[in-house]
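Single-structure report; data block below.
The values are calculated or read from the model by the stated rules, or taken from the named source; none is laboratory data. Predicted model, so just to flag it, every value in this text is computed and none were measured. Here the Cβ is made from the backbone with ideal geometry for all residues, glycine too, and neighbour counts use every protein chain on show. Please note that ligands, DNA and RNA were not included when accessible areas were found on the heavy atoms of the full protein model with its side chains. Shrake-Rupley method; radii C 1.70, N 1.55, O 1.52, S 1.80 Å.
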Amino acid sequence: MPLIAASAARRSVVRPALTAFPEPYSAGSVMSVHSLTVERVSAILALATQLENEDPLKRATRLAKRRIALLFYESSTRTRTSFELAAKGLGADTTLVSSLSSSIEKGETLKDTGLTLKALGAEAIILRHPSSGSPWLLERETGLPVLNAGDGMHEHPSQALLDLRTILAHLRPGVETATAETLAGVTVTIVGDILHSRVARSNMLLLPKLGARVILCGPPQLLPAVAAEAGPGLEIERDMAAAMKQSQVVMMLRIQAERLAGLQLDLEEYKSSYQLNEARLAEYAPGALVMHPGPIIRGLELTGEVADGPQSVILEQVHHGVAIRMALVERALTAGSAAACDAMGGRQ
Amino acid sequence: MSVILIKGGHLIDPAAGVDGLRDVVLRDGRVAEIMAAGKAKVEADAQVIDAKGLTVAPGLVDIHVHLREPGQGHKETIATGTAAAAAGGFTSVAAMPNTVPTNDSPEITRWIQAPERKASVRVFPIGAATRGLKGEVLNDYAALKAAGVVAVTDDGHPILKDSTMREVLKNATRNGLSVIQHAEDTRLTGGCSMNAGVTAFRLGLRGMPPEAEYGLVERDIRLLSELTREVNGSKVGHLHVAHTSTAQAIAAVSQARRNGLRVTCEVAPHHFLLTEEHVRAYNTNAKMNPPLRSIADRDAMIQGILDGVVDAIATDHAPHAAHEKEVEFERAPNGITGLESALGLSLRWLHHEWKLPLGRVLSLLSAQPAALLGLKGRGTLTVGSFADVVVFDPKAEWVFRAKDSRSKSKNTPFDGWTMQGKVWWTISEGRVVFKGV
Ligand SMILES: [Zn+2]
């Protein structure tokens, strides 16, 4: 069949170039952990430590009178407060715009809200939004540095960075910077609703950059097989015991009821297979750190005893959040503003 | 008496098997004479087009465009959409019925074709297969056909129910109309905004599985096959699959044809050029339905074109205003413009890179789509045909700029792409409707 021979030959022909994952326009933006190289991660960790240790009075002069907008389209306690404290700790003026108390309610678009905040003098925007990818839209339309505080099911980069800092504090005490080998030999299991979790996506893409092995664990409805292809260093293990036995860190996730979109899930069955309780923890991972990005649902993905137990570092995570977010806010307003201008000029 | 003499160009008329230097005389809206180059006498009142070094071909035919009128003139009007068509070398466009209101009636069909719409090129309305595109109640196909529709479809929506699709096929066949299916099993695509797969997972977007397309194509083929058996093949219906995007759908069409069914398919330039990777920056100009698919699917579109399984290149020209696309990816409407980039992309990639002969590229853009919808006297330049001509420089390279588009909307992922083949003249029924500069 000459046709088949011809077909085979044609398969090797040139195709239009694929687009790479795009870099942000502004050097100070953090929208995905994708653009965070190990060097950038290392610099952020070092800056976090520096800021944390700095005299609070001196620290508060760093961004004195600079304006930062927090634009929150979803309710949030810890992330919003954490960013707000971080920005205020650096002396910045913050303004909170939330979907419940603003013109957003009246149908204003993200573009127009962003442009309005810019006109009011905002120099950076911290965005929490229910739509994946919304930080790209906001950055493109405003030209301002954007910190992604969680976008839909996509990413939550500051959470992954604070999780990393928490892990380092326990497993690599004294290490304030990072290389591609820093977490070599460390296995982190992420358990639960990975499909709908932006925290899971950011962590599973960030931690392997530092050498960690990441095991994803959950039922097929909440963890599609394709997740293992999302980046290097990822594996799927559906058996929680098998995953835990290999892990120094067990990261639990909340079931995102608001994103299940009609998916039927038997919660009793889920708990019997994937709930982190004292018995499981004692038997399979008695030395592991127990993490959770919050908010936790006690009695569902983990028991209250585990959340409050000696292996839990859930509140430490919250603590590390402020230092990491100080570093991100400082970086947003100071990192490579010239490069940012170049990037904008080149894209117009 | 208007006369145009196109002198000394390289005439490629695939339907007539012509490929050589010819003079072409157009008189009163029809092709009057085709002669060896240099033989045509210059009549005193003739407009002479010197086509030396240029290709002369039948005006292009796009059987899948959304002209947005009536009802959505902020996106496109019939005047602006057909101006874009003319600039792209098209002289016939088939207009999809998902307007506001939908084209359910002879009145709207006639309104679309009225001279007041100021169309630059011929518009062939396609009627809504069911009332309001709801997939329930069939429209009056005899009346629609009498008013000028050339096919029926619910494009934008599938005809999902077996019982409805069976009735649509039966009625359309009885009235000599093609049925165009937007093959999307919407039970599998709720809340989805791109192709299912690792890229969708990575981007946190819900994905449409390929089976949502090919599953419905296979279902339609089964229904057509059953109906054909019922009538002992006496009156064979025509099923056309719009904007095919998955390898399995192409395979299903190919198999159906081998089984003797009249099933055809079209592929849009974005589906033979782009993949789901183009969504990575949440570019809403990479959002359309069906979505950009995997590399394997994209390659299957190329292969289907090269192997002759694909019957037509159609743009699915779907203009949207800037403010409608400048929103969150999941909220953005589906679709991109295509009329002004289809020829340039097809020549650049299908012909130049992938060595599909020029005549075959042009056939996919004119003769074959015209034949597919039974547009008589279109897609060919034999004597007596409509004087629908495109004259272009097949070698010229140029860069497509969205901002220079004649379309009212600029939503294209091909802004800044290098095109091949510059259109110098587009002639619709004997009138010059576009002149390149
Ligand atoms: Zn469609």
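For region A:22-43, filtered to residues that are open to solvent by 50 Å² or more (accessible area, probe 1.4 Å) and assigned to a loop (DSSP other than H, G, I, E, B), the residue that is farthest from the other protein chains (Cβ to nearest Cβ) is A:THR37. With respect to the conditions (1) assigned to a loop (DSSP other than H, G, I, E, B); (2) open to solvent by less than 20 Å² (accessible area, probe 1.4 Å), A:LYS65 falls short on a single one, namely (2).
Against the list (1) part of a helix (DSSP H, G or I); (2) touching a strand residue (DSSP E or B) at 6+ places or on another chain (Cβ under 7 Å); (3) of a type in the set (A, V, I, L, M, F, W, C), the condition B:ALA79 fails is (2). Being within 26 Å of B:ASP185 (Cβ to Cβ) and surrounded by 21 or more Cβ atoms within 10 Å (Cβ to Cβ) is a property that B:GLY89 lacks.
The residue list A:ALA327, A:ALA288, A:ALA282, A:ALA307 contains one member that is crowded, with 23+ Cβ neighbours inside 10 Å and hydrophobic (A, V, I, L, M, F, W, C), which is A:ALA327. For region B:287-310, a residue qualifies if it is surrounded by fewer than 23 Cβ atoms within 10 Å (Cβ to Cβ), β-branched (Val, Ile, Thr) and away from every other protein chain (no Cβ under 11 Å), but none of them does.
When you look at B:LEU345, is it part of a loop (DSSP other than H, G, I, E, B), within 13 Å of another protein chain (Cβ to nearest Cβ) and either under 16 Å from the mean Cα position of the chain (by Cα) or within 16 Å of the ligand (Cβ to nearest atom) (or both), yes or no? Criteria not met by B:LEU345. One residue stands out among those in region A:115-171 that are among the acidic types (Asp, Glu) and in contact with a Pro (Cβ under 7 Å, 6 or more places away or on another chain): the one that is nearest to A:ARG67 (Cα to Cα), which is A:GLU139.
Consider B:VAL150 carefully, then state whether it is away from the ligand (no atom under 16 Å from the Cβ) and either buried (at least 16 other Cβ atoms within 10 Å of the Cβ) or farther than 25 Å from B:TYR214 by Cα (or both). When the stated conditions are applied, B:VAL150 passes them.
The rows are residues; the columns are (1) surrounded by fewer than 23 Cβ atoms within 10 Å (Cβ to Cβ); (2) of a type in the set (Asp, Glu); (3) part of a strand (DSSP E or B).
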residue	(1), (2), (3)
B:VAL31	no, no, yes
B:ILE34	yes, no, yes
B:ALA40	yes, no, no
B:VAL48	yes, no, yes
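Within region B:7-22, can one find any residue that is modelled with pLDDT of 95 or more, out of contact with any helix residue (DSSP H, G or I) (no Cβ under 8 Å at 6 or more places or on another chain), within 16 Å of the ligand (Cβ to nearest atom) and part of a strand (DSSP E or B)? No, region B:7-22 has no match at all.
Within region A:235-255, if we keep just the residues that are touching a residue at least 24 places away in the same chain (Cβ under 8 Å) and open to solvent by 20 Å² or more (accessible area, probe 1.4 Å), the residue that is nearest to the other protein chains (Cβ to nearest Cβ) turns out to be A:ARG254. Set side by side, the residues B:LEU60, B:LEU67 differ, and just one is surrounded by 24 or more Cβ atoms within 10 Å (Cβ to Cβ), touching a helix residue (DSSP H, G or I) at 6+ places or on another chain (Cβ under 8 Å), at pLDDT 95 or above and within 23 Å of B:GLU326 (Cβ to Cβ), which is B:LEU67. Taken together, B:GLY384, B:GLY359, B:GLY416 contain a single residue that is touching a Gly at 6+ places or on another chain (Cβ under 8 Å), in contact (Cβ under 8 Å) with a residue 12 or more places away in the chain and either farther than 12 Å from B:THR91 by Cβ or part of a loop (DSSP other than H, G, I, E, B) (or both), which is B:GLY384. What's the total number of residues in region B:245-258 that are open to solvent by 30 Å² or more (accessible area, probe 1.4 Å) and under 18 Å from the mean Cα position of the chain (by Cα)? Result for region B:245-258: 0.
Take region B:170-199 and flag every residue that is buried (at least 24 other Cβ atoms within 10 Å of the Cβ) and away from the ligand (no atom under 16 Å from the Cβ). Scanning region B:170-199 gives B:ALA172, B:LEU177, B:ALA196. Take the conditions away from every other protein chain (no Cβ under 14 Å) and of a type in the set (Lys, Arg) and apply them to B:ARG187. Does it pass? When the stated conditions are applied, B:ARG187 does not pass them.
Of the residues contained in region A:79-99, one or more are found to be open to solvent by 10 Å² or more (accessible area, probe 1.4 Å), without any contact (Cβ under 8 Å) to a residue 12 or more places away in the chain and within 25 Å of A:HIS196 (Cβ to Cβ).
Let's see how each residue does on (1) more than 14 Å from chain A (Cβ to nearest Cβ); (2) open to solvent by 10 Å² or more (accessible area, probe 1.4 Å); (3) within 16 Å of the ligand (Cβ to nearest atom); (4) farther than 30 Å from A:ALA228 by Cβ:
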residue: B:GLY204; (1), (2), (3), (4): no, no, no, no
residue: B:ARG229; (1), (2), (3), (4): yes, yes, no, yes
residue: B:HIS243; (1), (2), (3), (4): yes, no, yes, yes
residue: B:GLY260; (1), (2), (3), (4): yes, yes, no, yes
residue: B:VAL267; (1), (2), (3), (4): yes, no, yes, yes
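When you scan region B:406-423, do you find a residue that is of a type in the set (A, V, I, L, M, F, W, C), open to solvent by less than 30 Å² (accessible area, probe 1.4 Å) and within 14 Å of another protein chain (Cβ to nearest Cβ), even just one? Checked region B:406-423: at least one residue is of a type in the set (A, V, I, L, M, F, W, C), open to solvent by less than 30 Å² (accessible area, probe 1.4 Å) and within 14 Å of another protein chain (Cβ to nearest Cβ). Among the residues making up region B:270-291, those that are within 21 Å of A:PRO24 (Cβ to Cβ), among the aliphatic types (A, V, I, L, M) and in a helix (DSSP H, G or I) are B:VAL279, B:ALA286.
The residue pairs whose first member lies in region B:242-262 and is closer than 20 Å to B:ILE295 by Cα, whose second member is open to solvent by 60 Å² or more (accessible area, probe 1.4 Å) and away from the ligand (no atom under 16 Å from the Cβ), and whose beta carbons are closer than 7 Å, counting only pairs six or more residues apart or on different chains, are B:ALA247/B:ALA296; B:ALA252/B:GLU218.
Could you say whether any residue in region A:71-80 is basic (Lys, Arg), in contact with a strand residue (DSSP E or B) (Cβ under 7 Å, 6 or more places away or on another chain) and at pLDDT 95 or above? Yes, some residue in region A:71-80 is basic (Lys, Arg), in contact with a strand residue (DSSP E or B) (Cβ under 7 Å, 6 or more places away or on another chain) and at pLDDT 95 or above. In the set (1) over 18 Å from the mean Cα position of the chain (by Cα); (2) assigned to a helix (DSSP H, G or I), B:ALA396 fails one condition alone, (2). All conditions but one from (1) open to solvent by 10 Å² or more (accessible area, probe 1.4 Å); (2) within 16 Å of the ligand (Cβ to nearest atom) apply to B:ILE313; the one that does not is (1).
Regarding B:SER346, is this residue among the small types (Gly, Ala, Ser), more than 27 Å from A:GLU141 (Cβ to Cβ), at pLDDT 95 or above and surrounded by fewer than 24 Cβ atoms within 10 Å (Cβ to Cβ)? Full working, then the answer.
Details: among the small types (Gly, Ala, Ser): yes; more than 27 Å from A:GLU141 (Cβ to Cβ): yes; at pLDDT 95 or above: yes; surrounded by fewer than 24 Cβ atoms within 10 Å (Cβ to Cβ): no.
Taking the combined requirement at face value, the residue does not satisfy it.
On the given criteria, is A:VAL214 crowded, with 24+ Cβ neighbours inside 10 Å and outside any helix (DSSP H, G or I)?
For A:VAL214, the condition - crowded, with 24+ Cβ neighbours inside 10 Å and outside any helix (DSSP H, G or I) - is met.
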